[in-house]
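Let me begin by presenting the structure, written as structure tokens, before commenting on it.
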Amino acid sequence: MGDIDPLYHPELWALDPSMLHLNHGSFGAVPRPVLEEQRLWRGRMEGNPVKFFRRELQGALDEARLALCAFLGADPDGAAFVLNTTSGTNAVFASFPLAAGDEVLITDHIYGAVRFGLTRTAERAAARLVEVPIPLDADDDFVVDALLAAVTERTRLAVVDHISSASVKLFPVERLVPALQERGVAVLVDAAHAPGSLAVDLGALRPDFWTGNFHKWPSAPRGTAMLYVAPRWRGLMRSYPVAWREYEGFPHTFTHTATADQTAWLAAPAAVEFFEDFGWKAVRERNARLVAFGQATVAEAIGADLAGMPDAALPMRLVPLDGFRGSPAEAEALRDRIADLHGIETVINVWSGRPLLRLSAQLYNTGAEYAALGAALRSELEL
Ligand SMILES: Cc1ncc(COP(=O)(O)O)c(C=O)c1O
């Protein structure tokens, strides 16, 4: 990376400066101006709770929702706030009509909690999950062909990641959605990492269901995600809890959650604007470049072979720890030692039996931090 990086802005984040934070992907981090925006909303709420909840909140939520719809290119009648991608996928599973013997397509990259949610639904309906293995280095043609080959006359729903979690694989959802829909299969896109790391246009993608986080890459306060539902399914969507706007239908049933602190949702447009001031495209390109540099730096430090690792322009990259022969619990212990002994937050997942270090880059990161992680790994792995 060059010496001058106009997008390096650690001062705009409230992160503990005694640590290096190289795992934005797991839980995000909220910039100071966005924390301030949420504080202002909380001030209004606490200044007069009755006025806020009775006369201000619904209008303010709708305004915030419309701002996020504009960011996603989503039809405002089809997009609701949810707490997180897990809630979004759960809402789809609870509402989608599955019958005994129906099949649901997934891949072996599916997020663990999403798999659990789907398993419970499938068990209840006596439906079957059909898991399609996709090698880490599979190209788009392979992915499309493999999923289409698994479709049968009983396939009702496919759950596909846009960017998978542990394996950071970019799935060709622009091809998968129409190809599966043509075969009568509804598609739920798990887009947990997509907003902010890719330009999302739901009007062009036209998924049946889509859910993505704003508390990851757009750095909104935690508990902020959107669930998009295509017109044909909106009438089926059921929210939990069942609250006052039950008879107004989707998306209002989801936006009215009974009494709760929804200031994270109200502050989310400020998070989108925070990055807009730098230029979203410039932010995405800068972070993708930085994390690619970080990946190369760490790989060189520990002698890792990057062959076959995903190389899409995303703000996350993998370094395989093939010399580390540990269980998932041992990988977690290594991650914690790197945090506790070396002051570096990171994440190591075991995907398909392979330990994969996942790096992130956000505007508070800079190149030297990845060299520090490389040194910490060398020491912990006794290289
Ligand atoms: C692909 C994918 N799906 C779902 C989730 C769950 O997100 P959340 O914890 O915000 O519900 C994640 C989180 O990292 C993810 O990467």
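Read the figures in this text as sums done on the coordinates, not as results from a lab. Just so we're clear, the structure is a prediction, and the values are computed from it rather than from any experiment. Positions of Cβ are backbone-derived with ideal geometry, glycine not excepted, and every protein chain shown enters the neighbour counts.
For this structure, a couple of remarks:
- FRET efficiency estimate (nearest 0.05) - Cβ-Cβ, L236 to R55, R0 30 angstrom: 0.40
- Oblate is the label for the range 1-140. Its Cα gyration tensor axes, ordered a ≥ b ≥ c, give a/c of at least 1.5 and b/c at or above a/b.
- Other residues within the sphere of radius under 13 Å centred on the Cβ of Y364, judged by their own Cβ, net out at -3 (K and R +1, D and E -1).
- Using θ = phi - 60° and Karplus 6.51 cos²θ - 1.76 cosθ + 1.60, couplings along the range 217-227 (whole Hz; Gly, Pro as x): 6, x, 6, 6, x, 4, x, 10, 8, 10, 10
- A Förster distance of 25 Å, applied to the separation of the beta-carbon atoms of E330 and E300, puts the FRET efficiency at 0.55.
- Shape class for the range 196-310, computed from the alpha carbon gyration tensor (a ≥ b ≥ c): prolate, with a/c not under 1.5 and a/b above b/c.
- For the chain, modelled as a GNM whose springs connect Cα atoms under 10 angstrom apart, the maximal fluctuation among G294, G47, G326 occurs at G47.
- Gain in span if fully extended, A371 to R154, counting 0.36 nm per residue against the direct Cα distance: 73.0 nm
- Per-residue ³J(HN,Hα) for the range 274-280, Karplus 6.51 cos²θ - 1.76 cosθ + 1.60, θ = phi - 60°, Hz, x for Gly and Pro: 3, 7, 4, 4, 8, x, 4
- Distance-filtered residues of the range 237-275 - backbone nitrogen under 12 Å, label point 7 angstrom along R42 Cα→Cβ: 261-264
- Gyration tensor (alpha-carbon) shape descriptor, the chain, a/c threshold 1.5: oblate
- Computed from backbone phi, the HN-Hα couplings of the range 319-327 come to 10, x, 9, 5, x, 8, 9, x, 6 Hz, rounded to whole numbers (Karplus: 6.51 cos²θ - 1.76 cosθ + 1.60, θ = phi - 60°; Gly and Pro given as x).
- Exposed loop sites were defined as GluC sites (Glu not before Pro) in DSSP loop states (anything but H, G, I, E or B) carrying at most 13 other C-beta atoms within 10 Å; in the chain the longest segment without such a site runs 154-381.
- Summarising the amide proton neighbourhood of F214: residues at separation of 5 or more, or on other chains, whose placed amide H is nearer than 5 Å comprise T224, A225, M226.
- Computed extension length for S379-L66: 107.7 nm, one decimal, from 0.36 nm per residue of separation with the Cα-Cα distance subtracted.
- Rounded Å value of the spacing that divides the Cα centres of the range 212-269 and the range 292-314: 37 Å
- Amide H contacts of A186 (H built 1.01 Å from N, under 5 Å, at least 5 apart or other chain): L157, A158
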